[in-house]
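J.: Below you'll find the structure I mean.
The values are calculated or read from the model by the stated rules, or taken from the named source; none is laboratory data. In this text the structure is predicted, and so the values were computed from the model without any measurement. Don't worry about glycine lacking a Cβ; one is built from the backbone with ideal geometry, like all the others, and counts go over all protein chains shown.
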Amino acid sequence: MIKESITLMKTKIIYLTALFLIFATYSCKANEPEIIPDAPANVVTPNYNNVSISTDKVSYKPGEAVNFTIDYAKLSVSVKVRYKFLNTVLSDLPVTASTWNWQTPADDYRGYIAEVYSSVNNVETIYATIGIDVSSDWKKFPRYGFLSKFDQISDDSINAVVNNLNRYHINGLQFYDWQNKHHKPLPLTGLTPATNWKDIGNRDIYFNTIEKYIKVAHNYNMKTMFYDLVYGAWNNADVDGVNKEWYIYNDNTHTNRDILSLPSPFISNLYLLDPSNTGWQNYMIAETKNVYKFLAFDGYHMDQLGDRGLRFKYDGTSMNLAASFKSYIDIIKTAIPDKYNVMNAVAQYGQQGIATSTSDFLYSEVWSPSDSYNDLVNIIKQNNALSNNSKNTVLAAYMNYDKANSPGYFNTPSVLMANAVIFAFGGDHLELGEHMLCKEYFPNNYLTMKDDLKKSLVNYYDFLVAYQNLLRDGGTFNTVDISSADTKMSVAVWPASSGYVGIFGKKYDNSQVIHFINFSNSTTQLWRDNDGIQVMPALIKDAKMVLTTDKTVRKIWVATPDFVGGTSRSLNFTQLNNKVSFILPELRYWDMVVVEY
């Protein structure tokens with residue numbers, strides 16, 4: 001009994017002593033100045049060899065196997081591959097051949113990254129990285145591309161185009177100007193499709209080229225969307241059964257039809273019809289079903305021409321054209337429920353109705369006055385609000401527009417800076433097809449990508465896929481209380497101006513995402529950069545940061561598409577009271593820091 005009492009007393013003395021030491025230590029530290037850690041060993045950027053790697057599809061169903069191919073001959077040492085969800089390693093296995101597979105987890109709508117690496121004498125080398133999208137439906141995370149040339153094309157050329165888009169994880173293709181007449185897109189010879197026809201631009205279009213593109217795209221799990229106006233008719237459309245009472249008129253006496261006049265070599269003008277007119281809707285339901293009868297398209301990409309001003313119906317009443325699109329989209333979906341529909345909101349015209357329709361995601365063609373980087377952000381945020389955060393956004397935003405009036409090259413910093421902003425705020429950029437887009441007329445291919453842009457864009461799209469659950473899957477945008485503790489970086493709350501690094505946050509239940517976009521030496525804040533004057537941001541290395549938060553931080557990690565293929569890296573940090581200090585290893589265009597609580 002005495003022995004037990006002595007033991008208990010010793011235990012209490014040890015316990016009280018420990019409490020005193022902890023309290024004394026905390027009291028001292030609370031009065032100490034902030035300590036910014038030096039760059040720790042595990043923050044050093046790994047070597048990066050950039051070996052070619054690919055997957056067999058743009059996305060996978062939960063539990064489906066991913067087939068990888070790597071340029072194994074360039075790997076001179078033993079390597080492994082680790083699969084990660086955000087910053088968590090799921091498995092780590094040796095790579096012993098140029099091809100292998102990985103069975104994806106059962107979770108739907110997840111992004112992963114595969115990192116092929118070696119570690120020799122505690123020095124890690126990243127050889128290749130690639131994003132993996134596990135999604136049962138592409139509309140959740142649309143990554144939209146296009147096709148615009150459908151003459152006689154060899155099988156090898158078709159395969160090469162689609163295989164290239166597969167490496168960028170493009171999961172949907174808009175077939176632009178594939179059709180013959182807008183009011184009768186697929187011409188028939190008797191009861192069968194014509195072998196070939198002219199599009200409105202007087203170009204040759206071949207049925208078998210379209211058919212082959214669809215088949216090859218499906219092999220990569222890409223969805224295919226046929227393009228058409230929701231309200232366009234060619235000259236003399238009355239012979240095809242288009243009724244004069246369906247048209248839009250410039251006057252209330254149905255004398256002058258609304259017309260889009262087109263110059264040579266275009267072979268017809270376009271006359272506009274009322275999308276809400278039931279006669280026109282039924283006509284186009286029949287034409288759309290005719291397209292699907294002969295071509296295995298997955299959906300209908302609907303286009304418009306923006307605000308036409310004051311217009312009238314046949315009966316003399318004024319048109320509310322912006323409000324007419326919703327009924328058109330919904331009636332097509334009702335008639336053909338198993339196909340996708342998406343509609344272009346030209347300069348956001350009609351987007352309010354489109355967003356609440358059965359459109360599967362939102363698509364905005366960006367025009368003036370939405371000229372600044374922050375205007376791109378505002379469109380994405382507006383679309384989020386209009387759809388009650390239920391539909392992600394694709395922006396048709398044409399880069400280096402004036403430069404594309406003659407042959408030349410895209411300005412690489414222009415494209416990467418625009419994509420950094422669009423991707424960081426959860427959008428997608430319609431830009432990739434047989435070439436990169438520079439004009440609203442998609443066949444324009446005057447501007448070419450340089451090799452550095454091609455390589456960088458692969459990393460950007462890998463990043464968009466790998467971290468889609470932080471970029472495009474919920475969360476709430478917020479302002480983060482973060483500052484720079486040295487002179488390497490001047491920070492500003494978004495929207496930033498030239499001379500600053502723009503910072504904004506997105507919060508989740510147990511984490512805070514912080515985006516850094518580097519405008520420290522930018523030459524323009526206009527995203528389109530008409531003449532291609534934007535410059536590469538100055539590299540900022542080992543910037544000391546201080547985050548103010550009332551929460552206890554468990555982990556901090558960083559990822560960027562600009563270094564080591566987007567792989568995530570854990571950062572050392574120090575937390576004293578509500579101040580969290582860490583070092584940002586490097587910043588070129590865009591960094592994403594994740595603070596886990």
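J.: Counting just the residues of the range 107-139 that are more than 16 Å from TYR60 (Cβ to Cβ) and of a type in the set (A, V, I, L, M, F, W, C), which one comes out nearest to the chain's Cα centre (by Cα)?
T.: ALA128
J.: Given the residues TYR373, TYR461, which is the only one that is crowded, with 18+ Cβ neighbours inside 10 Å and touching a His at 6+ places or on another chain (Cβ under 7 Å)?
T.: That would be TYR461, the only listed residue that is crowded, with 18+ Cβ neighbours inside 10 Å and touching a His at 6+ places or on another chain (Cβ under 7 Å).
J.: Same structure, new question: So which residues in the range 480-512 are within 23 Å of LEU395 (Cα to Cα) and buried (at least 18 other Cβ atoms within 10 Å of the Cβ)? Working first, answer last.
T.: Of all residues in the range 480-512, those within 23 Å of LEU395 (Cα to Cα) come to 494-497, 502-506.
TRP494, PRO495, ALA496, GLY502, ILE503, PHE504, GLY505, LYS506, listed by residue number.
Listed here are the residues, each with its yes/no results for (1) touching a residue at least 24 places away in the same chain (Cβ under 8 Å); (2) under 25 Å from TYR340 (Cα atoms); (3) in contact with a helix residue (DSSP H, G or I) (Cβ under 9 Å, 6 or more places away or on another chain).
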{"position": "GLN103", "(1), (2), (3)": "yes, no, no"}
{"position": "TYR117", "(1), (2), (3)": "yes, no, no"}
{"position": "VAL120", "(1), (2), (3)": "yes, no, no"}
{"position": "GLU124", "(1), (2), (3)": "yes, no, no"}
{"position": "ASP133", "(1), (2), (3)": "yes, yes, yes"}
{"position": "PHE141", "(1), (2), (3)": "yes, yes, yes"}
{"position": "SER148", "(1), (2), (3)": "yes, yes, no"}
{"position": "ILE153", "(1), (2), (3)": "yes, no, yes"}
{"position": "ASN163", "(1), (2), (3)": "yes, yes, yes"}
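J.: While we're looking at this one, here's another question. Considering the range 299-341 alone, what residues qualify as being outside any helix (DSSP H, G or I), among the small types (Gly, Ala, Ser) and out of contact with any Leu (no Cβ under 7 Å at 6 or more places or on another chain)?
T.: GLY299, GLY306, GLY309, GLY316
J.: With a cut-off of at least 2 residues that are free of Cβ contacts under 8 Å to residues at least 40 places away in the same chain, name the helices (runs of 4 or more DSSP H) lying wholly within the range 342-459.
T.: 351-355, 373-386
J.: Mind listing just one residue for me: the one in the range 340-357 that is at positive phi and small (Gly, Ala, Ser) and, of those, farthest from the chain's Cα centre (by Cα)?
T.: Out of the qualifying residues, it is GLY350.
Rundown of residues vs (1) part of a loop (DSSP other than H, G, I, E, B); (2) at pLDDT 95 or above, yes/no style:
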site: LEU464; (1), (2): no, yes
site: ASN469; (1), (2): no, yes
site: ASP473; (1), (2): yes, yes
site: VAL480; (1), (2): yes, yes
site: SER483; (1), (2): no, yes
site: ASP486; (1), (2): yes, no
site: MET489; (1), (2): yes, no
site: SER497; (1), (2): yes, no
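J.: Further question on the same structure: Would you check if PRO561 is under 21 Å from the mean Cα position of the chain (by Cα) and over 30 Å from ALA114 (Cα atoms)?
T.: No, not satisfied.
J.: A further question on this structure: Just to be sure I understand, how many residues within the range 520-563 are in contact (Cβ under 8 Å) with a residue 40 or more places away in the chain, touching a helix residue (DSSP H, G or I) at 6+ places or on another chain (Cβ under 9 Å) and outside any loop (DSSP other than H, G, I, E, B)?
T.: 3
J.: Being surrounded by fewer than 24 Cβ atoms within 10 Å (Cβ to Cβ) and in a strand (DSSP E or B) is the requirement here; does ILE126 meet it? Even if it seems obvious, please write down each step before you answer.
T.: Working: surrounded by fewer than 24 Cβ atoms within 10 Å (Cβ to Cβ): yes; in a strand (DSSP E or B): yes.
Yes, satisfied.
J.: Taking the conditions exactly as written (touching a residue at least 12 places away in the same chain (Cβ under 8 Å), farther than 30 Å from ASN50 by Cβ and of a type outside the set (A, V, I, L, M)), does GLY475 satisfy them or not?
T.: When the stated conditions are applied, GLY475 passes them.
J.: While we're on this one: Which residues, counting only those in the range 136-174, are among the charged types (D, E, K, R) and surrounded by fewer than 24 Cβ atoms within 10 Å (Cβ to Cβ)?
T.: Scanning the range 136-174 gives ASP137, LYS139, LYS140, LYS149, ASP151, ASP155, ASP156, ARG167.
J.: When you go through ALA385, ALA347, ALA396, ALA355 one by one, which is the residue that is surrounded by 21 or more Cβ atoms within 10 Å (Cβ to Cβ), modelled with pLDDT of 95 or more and more than 19 Å from GLY433 (Cβ to Cβ)?
T.: Answer to the check: ALA355.
J.: Report yes if ALA335 is surrounded by fewer than 22 Cβ atoms within 10 Å (Cβ to Cβ) and touching a helix residue (DSSP H, G or I) at 6+ places or on another chain (Cβ under 8 Å), otherwise no.
T.: Criteria met by ALA335.
J.: Also: Which one of these does VAL593 not meet: (1) farther than 30 Å from LEU430 by Cα; (2) not in a loop (DSSP other than H, G, I, E, B)?
T.: The one condition VAL593 does not meet is (1).
J.: All but one of (1) under 25 Å from GLU431 (Cβ atoms); (2) outside any strand (DSSP E or B) hold for ASP228; state the number of the condition that does not hold.
T.: (2)
J.: OK, next. Go through the range 254-298 residue by residue and tally those that are under 32 Å from the mean Cα position of the chain (by Cα) and part of a helix (DSSP H, G or I).
T.: 11
J.: Look through ASP177, ASP133 and report the one residue that is buried (at least 16 other Cβ atoms within 10 Å of the Cβ) and assigned to a strand (DSSP E or B).
T.: Every option except ASP133 fails the conditions.
J.: Among the listed residues ASP151, ASP156, identify the single one that is out of contact with any Lys or Arg (no Cβ under 8 Å at 6 or more places or on another chain) and either assigned to a loop (DSSP other than H, G, I, E, B) or under 17 Å from LYS212 (Cα atoms) (or both).
T.: ASP156
J.: Quick one: SER276 ticks every box in (1) modelled with pLDDT of 95 or more; (2) surrounded by fewer than 21 Cβ atoms within 10 Å (Cβ to Cβ); (3) of a type in the set (Ser, Thr, Tyr); (4) over 19 Å from ALA335 (Cα atoms) bar one, so which box is it?
T.: (4)
J.: Which ones in the range 53-90 are surrounded by 13 or more Cβ atoms within 10 Å (Cβ to Cβ), under 23 Å from PHE563 (Cα atoms) and not aliphatic (A, V, I, L, M)?
T.: Those that are surrounded by 13 or more Cβ atoms within 10 Å (Cβ to Cβ), under 23 Å from PHE563 (Cα atoms) and not aliphatic (A, V, I, L, M): SER54, THR55, PHE68, THR69, ASP71, TYR72, LYS80, ARG82, TYR83, LYS84, PHE85, ASN87.
J.: Considering only residues that are within 26 Å of THR523 (Cβ to Cβ), loosely packed, with under 15 Cβ neighbours inside 10 Å and of a type in the set (Val, Ile, Thr), which ones fall in the range 535-582?
T.: Answer for the range 535-582, where residues must be within 26 Å of THR523 (Cβ to Cβ), loosely packed, with under 15 Cβ neighbours inside 10 Å and of a type in the set (Val, Ile, Thr): just VAL535.
J.: Turning to a different aspect of this structure: Does any residue of the range 420-443 turn out to be of a type in the set (Gly, Ala, Ser), in contact with a helix residue (DSSP H, G or I) (Cβ under 6 Å, 6 or more places away or on another chain), buried (at least 20 other Cβ atoms within 10 Å of the Cβ) and modelled with pLDDT of 95 or more? Even if it seems obvious, please write down each step before you answer.
T.: Restricting attention to the range 420-443, the residues satisfying the condition of being of a type in the set (Gly, Ala, Ser) are 420, 424, 426-427, 433.
Then keep just the ones that are in contact with a helix residue (DSSP H, G or I) (Cβ under 6 Å, 6 or more places away or on another chain); that gives 426-427.
Now restrict to residues that are buried (at least 20 other Cβ atoms within 10 Å of the Cβ): 426-427.
Filter again for modelled with pLDDT of 95 or more, leaving 426-427.
There is at least one residue in the range 420-443 that is of a type in the set (Gly, Ala, Ser), in contact with a helix residue (DSSP H, G or I) (Cβ under 6 Å, 6 or more places away or on another chain), buried (at least 20 other Cβ atoms within 10 Å of the Cβ) and modelled with pLDDT of 95 or more.
J.: Filter the range 95-104 down to the residues that are assigned to a loop (DSSP other than H, G, I, E, B) and surrounded by 15 or more Cβ atoms within 10 Å (Cβ to Cβ) and list them by number.
T.: The answer is THR104, and nothing else.
Every residue, every condition in (1) in contact with a strand residue (DSSP E or B) (Cβ under 7 Å, 6 or more places away or on another chain); (2) among the polar types (S, T, N, Q); (3) closer than 23 Å to PHE463 by Cβ, yes or no:
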| residue | (1), (2), (3) |
| --- | --- |
| ARG528 | no, no, yes |
| ALA538 | no, no, yes |
| ARG554 | yes, no, no |
| ASN577 | no, yes, no |
| ARG588 | yes, no, yes |
